[in-house]
Amino acid sequence: MVKDPRLPDPLSWQTFTTGLWKENPVFVMLLGLCPTLAVTNSAINALSMGLATTFVLVCSGVLVSLLRKVIPKQVRIASYIIIIATFVTMADYAIQAISLDIYKALGAFIQLIVVNCIILGRAEAYASKNPVSNAFINALGMGVGFTFALLCLGMVREVLGMGSLFGVHLFGPAFQPWAVFVLPPGGFFVLAFWLWLFAVARKRTARAQPATKEVADAA
Amino acid sequence: MSEQSPIAPPPGPGSLRLIVSLGLIAMISGLFIVLSVQLTREKIAHNKQVALEKAIFAVLPDATQVVKYKLDESGLVQLPNEATDANLYAGYNAAGHLAGLAMEGSARGYQDVVKVLYGYSLEKEAIIGMTVLESTETPGLGDRANNDPEFHGNFKNLDASLTGDGSAVANPIVTVKNGKKEHPWQIDGISGATVTSTAVGNGIRESTNRLLPLLHQYQGSLVENLNP
């Protein structure tokens, strides 16, 4: 059954998990690849970027949902951008207050969360049509999914490229780091590897599902 | 297309409605931003201060206290602690004696400007320490300028003596290729990070060439002992 997209989504466990698996912003929708490739050269950078993006996603989702009956259709995109930019600015100050080292490592990519299409996409496609609780849960799921994807890349790249994880050295001084993995090409290699892994996993689950259904029907 | 359509589109909300709603959102947004600036301002200033002090103590190993100065063509002026326009930091040891001076230098690196802080000893007429304040160099390659112990060994006693009349640096500091260092004023570059090591050298050269002659001229205004 195809659901009318104008109807609000019933709140369920699915609201949260779509962002994790079925519509994972990086591995399935291939959105937000610019920060995904640029700041995942270490696990801590990936985690901070993921958390900052989650904060902006959740806050802007809630505010857009709260104001969804007030914002006229003609100026909705402009309104969403103002709202998103506000929370990005707040995240920017918060990161500076928490740690200048992380702020320096993330560089311009914190400010560039404004143009991350995951966030505008959520505001337009979900938060503006659904009640606050749904918007909150859905944005949280997307944020966690994005953070998870960034960590997948960041951890692999840091271990191979620097021989450490979250700054803790794993292999001792004899380890010769594989520098290409912290350089831009390494980002593409690791992303390709994860995309392949996800595609295989999705194919397997898709193939397994009809089979289980038949068994259930027969029973 | 529009000629064939029998029904005109429903009239949208008036411009006033649009302006009011956008204005309302902008006001909420302004409120949030001012609030977060208010909440984080002190903490950010504190973090920057801590980072700078950490850097100063890193390049002046003997120092335990810092006094800020501003050095330019008009002279050397001591500044209050909360000043933000200082370009010379005098480090004093536990006994209150001058342990060295820290100054900033910057030059274009591989990705962006590399900003360094270096410690200078008046007695040795040499640079005694260096740390990278700001850099966005490639992790694993260019960023070794921050943490490569061999590279940092260059700055333990890097000659920056002045000519006899104190009007210029006798031998401007220069970065050479890895393993080609012959003179005490040369910096042995990092192999694989030539551009960044050269940027560090250029930043220090430009800064020493400009500030050290001025420092020689106005050295009299520098407090030698904090508790005489």
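Quick rundown of the values:
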read-out	value
Any hit, the stretch B:50-57, residues being away from chain A (no Cβ under 11 Å), touching a residue at least 24 places away in the same chain (Cβ under 8 Å) and in contact with a Phe, Trp or Tyr (Cβ under 7 Å, 6 or more places away or on another chain)	yes
Options B:PRO61, B:PRO10: the member that is farther than 30 Å from B:SER221 by Cβ, open to solvent by 50 Å² or more (accessible area, probe 1.4 Å) and at pLDDT below 90	B:PRO10
Some residue of the stretch A:101-109 being farther than 15 Å from B:SER29 by Cα, in contact (Cβ under 8 Å) with a residue 40 or more places away in the chain, in contact with a Phe, Trp or Tyr (Cβ under 9 Å, 6 or more places away or on another chain) and of a type outside the set (Gly, Ala, Ser)	no
Per-region count, the stretch A:113-165, residues aliphatic (A, V, I, L, M), open to solvent by 10 Å² or more (accessible area, probe 1.4 Å), in contact with a Pro (Cβ under 9 Å, 6 or more places away or on another chain) and in contact (Cβ under 8 Å) with a residue 60 or more places away in the chain	1
Any hit, the stretch B:86-95, residues being in contact with a helix residue (DSSP H, G or I) (Cβ under 6 Å, 6 or more places away or on another chain), away from chain A (no Cβ under 14 Å) and of a type in the set (Phe, Trp, Tyr)	yes
Within the stretch A:169-193, considering residues that are in contact (Cβ under 8 Å) with a residue 40 or more places away in the chain and open to solvent by 60 Å² or more (accessible area, probe 1.4 Å), the one nearest to A:ASN45 (Cα to Cα)	A:PRO184
Tabulated pairs, the stretch B:94-114, first closer than 15 Å to B:ILE56 by Cβ and of a type outside the set (Asp, Glu), second open to solvent by 60 Å² or more (accessible area, probe 1.4 Å) and at pLDDT 90 or above, C-beta under 7 angstrom, 6+ apart or interchain	B:GLY105/B:GLU206
Lone qualifier among B:GLU82, B:GLU42 - being acidic (Asp, Glu), facing chain A (nearest Cβ under 10 Å) and open to solvent by 40 Å² or more (accessible area, probe 1.4 Å)	B:GLU42
Residues that are more than 8 Å from every other protein chain (Cβ to nearest Cβ) and open to solvent by less than 50 Å² (accessible area, probe 1.4 Å), drawn from the stretch A:67-101	A:TYR80, A:ILE84, A:VAL88, A:ALA91, A:ASP92, A:ILE95
Condition met for A:ARG157 (more than 22 Å from B:GLY142 (Cα to Cα) and within 19 Å of the chain's Cα centre (by Cα))	no
Matching residues, the stretch B:117-135, being surrounded by 18 or more Cβ atoms within 10 Å (Cβ to Cβ) and either within 14 Å of another protein chain (Cβ to nearest Cβ) or acidic (Asp, Glu) (or both)	B:THR131, B:VAL132, B:SER135
Subset of the stretch B:103-116 [in contact with a strand residue (DSSP E or B) (Cβ under 8 Å, 6 or more places away or on another chain) and more than 13 Å from chain A (Cβ to nearest Cβ)]	B:MET103, B:GLU104, B:GLY105, B:SER106, B:ALA107, B:ARG108, B:VAL116
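The values are calculated or read from the model by the stated rules, or taken from the named source; none is laboratory data. Since the model is a prediction, treat every value here as computed from it, not as a measurement. When we count neighbours, we look across all protein chains shown, and the Cβ atoms used for this are built from the backbone with ideal geometry, even at glycine. Protein only, heavy atoms only, side chains kept; ligands, DNA and RNA dropped before computing areas. Shrake-Rupley method; radii C 1.70, N 1.55, O 1.52, S 1.80 Å.
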